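Shown next, in structure tokens, is the structure this report addresses.
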Amino acid sequence: MPSGTLFIVATPIGNLEDMTFRAVRILKEVDLVAAEDTRHSRKLLTHFGISRPLTSYYDHNQNFKGNYLLERLQGGESVALISDAGTPCISDPGYQLVRDAVAAGITVVPVPGPSAAICALSAAGLPTDAFIFAGFLPNRAGKRREKLASLVAEQRVMVFYESPNRLLATLEDMQELLGAREVVVARELTKIYEEFVRGTLPVVLAELEGRQIKGEVVILVAPADAPEAPPAEAVPQLLRRCLAEGVSLKDAVKRVALETGQTRSAVYDEALRLKGEDE
């Protein structure tokens, strides 16, 4: 018996009009819908006239429920995985089910749609040629600050999810560790009270302090300034230092080229010149 298909179906993050025609069709056709919260998802399915069997799949039951879903798929049935909002497996349980399905030779089909991270990024006004999605920062202040400290030099836009009750504490940590970086706070995306707060971290903090923040939040942080490359005249000194440390000529050239932004061929030529002088 051929295996079924696992569909990863994105659902609206707020505005039900963002549900795609394809998502509705797939959810009407599958044998089973696996949902993060069946009560929440039942309302969504009912709104679109979808009456398929529902089963729960969330953080605390994904191990044993994953085996159950895998058995259904291996038995030839089709299963749709949905989350409470947005695209499954993005800061949501599900990746393990996808890994197991792929390992078992089951076809996994994405049904794209809303994603809070991409939605916020598209309207943030920050450079989008390169970005990283960092998900939720740790709940504990120490771990959160440790994570932010590791991202100080990140030269891509950073996208975070955050809960409203931790927003101010997170922004304060960002201001202390990242400086007066440009930031965008997006909340209630696609809903009636959708809001984008833009500015430097001090400006955004001042605007949000004293307010009651509601709804899930996306924080977007501008990249760090690129470090200034050492001048070309620094190449000989850097090469001599590397070689004095016992680094091979090849590795020294590679390291100095990375540090200075000079081409490897130029650095190699300089290394040969220095070697000739020493001889």
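The values are calculated or read from the model by the stated rules, or taken from the named source; none is laboratory data. Predicted model, so just to flag it, every value in this text is computed and none were measured. Because the Cβ atoms are built from the backbone with ideal geometry, glycine has one as well, and the counts that use them run over all protein chains shown.
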Inset, instruction - Determine, yes or no, whether LEU73 is of a type in the set (A, V, I, L, M), farther than 23 Å from THR107 by Cα and in a helix (DSSP H, G or I). - result: no
Counting only residues in region 1-33 that are within 16 Å of ARG72 (Cα to Cα) and in contact (Cβ under 8 Å) with a residue 60 or more places away in the chain, the one surrounded by the fewest Cβ atoms within 10 Å (Cβ to Cβ) is identified as MET1
Note to self: Being outside the structural domain of PRO138 (by TED's automatic domain parsing) and part of a loop (DSSP other than H, G, I, E, B) is the requirement here; does ALA180 meet it?
What the structure shows: no
Taking region 1-31 and keeping only residues that are under 15 Å from LEU81 (Cβ atoms) and β-branched (Val, Ile, Thr), one is left with THR5, ILE8, VAL9, THR11, ILE26, VAL30
Evaluate region 221-233: report whether one residue or more is at pLDDT 85 or above, part of a strand (DSSP E or B), in contact with a Gly (Cβ under 9 Å, 6 or more places away or on another chain) and surrounded by 16 or more Cβ atoms within 10 Å (Cβ to Cβ). no
So, first residue aliphatic (A, V, I, L, M) in region 110-135, second residue in a helix (DSSP H, G or I), Cβ within less than 6 Å, six or more apart or across chains; the pairs are VAL111/ARG22; VAL111/ALA23; VAL111/ILE26
With criteria (1) in contact (Cβ under 8 Å) with a residue 40 or more places away in the chain; (2) in a helix (DSSP H, G or I); (3) closer than 26 Å to THR5 by Cβ; (4) not basic (Lys, Arg), GLN96 comes up short on (1)
